[in-house]
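Below: one structure, written as structure tokens.
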Amino acid sequence: MAEARMSGEGGKQYKQSGLWARFRKNRMAFCGAIMIMGLVVVAIFAPLIAPFPYDQQDFMAAQEAPSAAHWFGTDEFGRDIFSRIVYASRISLEVGFIAVSIGMVVGGALGSVAGYYGGFLDNFVMRTMDILLAVPSTILAIAIAATLGPGLFNLMMAVGISTIPRYARIVRASVLSLRHLEFIEAAQAVGSSDFRIIVKHILPNCMAPVIVQATLGVASAILNTAGLSFIGLGIQPPTPEWGAMLSGARTYIRDYPYMTIFPGLAIMLTVLALNFLGDGLRDALDPKLKR
């Protein structure tokens, strides 16, 4: 028994090391992970990194070009753009991660229940998800945000609800492929409750595709957040947000292009890094790609 335990632990360590080795070979994914870690550090230590408060106004320095004093220049109110971008990273990451968490929890619960029980419940849940999927996620988020009103909490709810159908379908597909396997039948034979079987046996084996989708979903959530803020349904001034900064600077794009370039670059690089990370995780977690 001890030998079997040691063998199992060794196999687990080998599997983990193999996963890390495959991920590390993907240079773009590795760079994406480093960029996201750097962005998280910037968001956590924003008060220490930003040279000015994000709402400090200096009308004598309004719309100054990038310089040693203001690395990314200043906006129409004389606020330091670099400081506002640093603080805005908090909003984007917070909305991205919380919105994806809402989609994972609610969508995962609906997908697991629908796939496990099947029948009328499965048809009802999945047809509802199909109706939601028929509406583009951005349009659905706009409709929800317009109904709830602007604000951080409503923004997270709007983006989170729009992601639920994706996770429901992914989890349901995984549950359908697992529910008739031997270890599930063994758990049923020993009298385990349906809740325990779903939580302890089925969901842990569904996590690989969910993790990949969640990584890519954070990128989509950040884009949706920027889009909603751009049209005035997201974060309200003076709180900085990359999409809102783009919206406020579009009037001056011809004369002061740097006011739109730097917030746009922040969105682009963050989404690009998350997409690289998601692609790397997909390749590392896909059993068909193991060598």
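No lab work stands behind these numbers, since they all come straight from the coordinates. Bear in mind that the values here come from a model prediction, so they are computed numbers and not experimental data. For neighbour counting, all protein chains shown are included, and Cβ atoms are generated from backbone atoms with ideal geometry for every residue, glycine included.
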Practice problem: Order the peptides 260-273, 127-140 from the highest to the lowest mean number of other Cβ atoms within 10 Å of their residues. | Solution: 260-273, 127-140
Practice problem: Quick one: go through region 76-96 and flag any residue whose amide nitrogen is under 17 Å from the point 7 Å out along the Cα-to-Cβ line of Met60. | Solution: 77-80
Practice problem: Specify, per residue and in Å³, the volume enclosed by the convex hull of the alpha carbon atoms belonging to the chain. | Solution: 165 Å³
Quiz item: How do 57-66, 194-203 rank on mean C-beta neighbours within 10 Å, highest first?
Solution: 194-203, 57-66
Quiz prompt | Environment charge of Ile91, counting only residues whose C-beta is closer than 13 Å and scoring Lys/Arg +1, Asp/Glu -1 | solution = 0
Practice problem: Please get the size of the charge dipole for region 2-289, origin at its Cα centre, with Cβ charges of +1 on Lys and Arg and -1 on Asp and Glu, quoted in debye to the nearest 20. | Solution: 840 debye
Practice problem: Please give the net charge around Leu152, taking every other residue with its beta carbon less than 11 angstrom from that of Leu152, where Lys and Arg add +1 and Asp and Glu add -1. | Solution: -1
Quiz item: How far, in nm, would the chain grow between Ile231 and Thr128 when pulled straight, counting 0.36 nm per residue and subtracting the alpha carbon separation?
Solution: 34.3 nm
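Based on the Cβ-Cβ distance of Leu272 and Ala109, what FRET efficiency does E = 1/(1 + (r/R0)^6) give at R0 = 25 Å, to the nearest 0.05?
About 0.20, to the nearest 0.05.
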Quiz item: Spin-label point model (7 Å from Cα, Cβ direction): what's the Ala173 to Met28 distance in nm?
Solution: 2.1 nm
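Near Ala61, within a Cβ-to-Cβ distance under 15 Å, what is the net charge of the other residues, with Lys and Arg +1 and Asp and Glu -1?
Working: positive: Arg79, Arg84; negative: Asp55, Asp58, Glu64, Asp75, Glu76, Asp80.
Result for the local shell: -4.
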Self-check item: Computed FRET value (nearest 0.05) for Ile253 with Tyr117, which takes r as the C-beta separation and R₀ as 45 Å
Solution: 0.25
Quiz item: Rounded if a/c is under 1.5, else prolate if a/b is larger than b/c, else oblate: which is region 93-151, with a ≥ b ≥ c the root eigenvalues of its Cα gyration tensor?
Solution: oblate
Exercise. Please give the contour-minus-distance gain from Val40 to Phe183: 0.36 nm per residue of separation, less the Cα-Cα distance, rounded to one decimal in nm.
Key: 47.5 nm
Quiz prompt | Relative contact order computed over region 2-289 (Cα-Cα under 8 Å; 6+ residues apart), in percent | solution = 25 percent
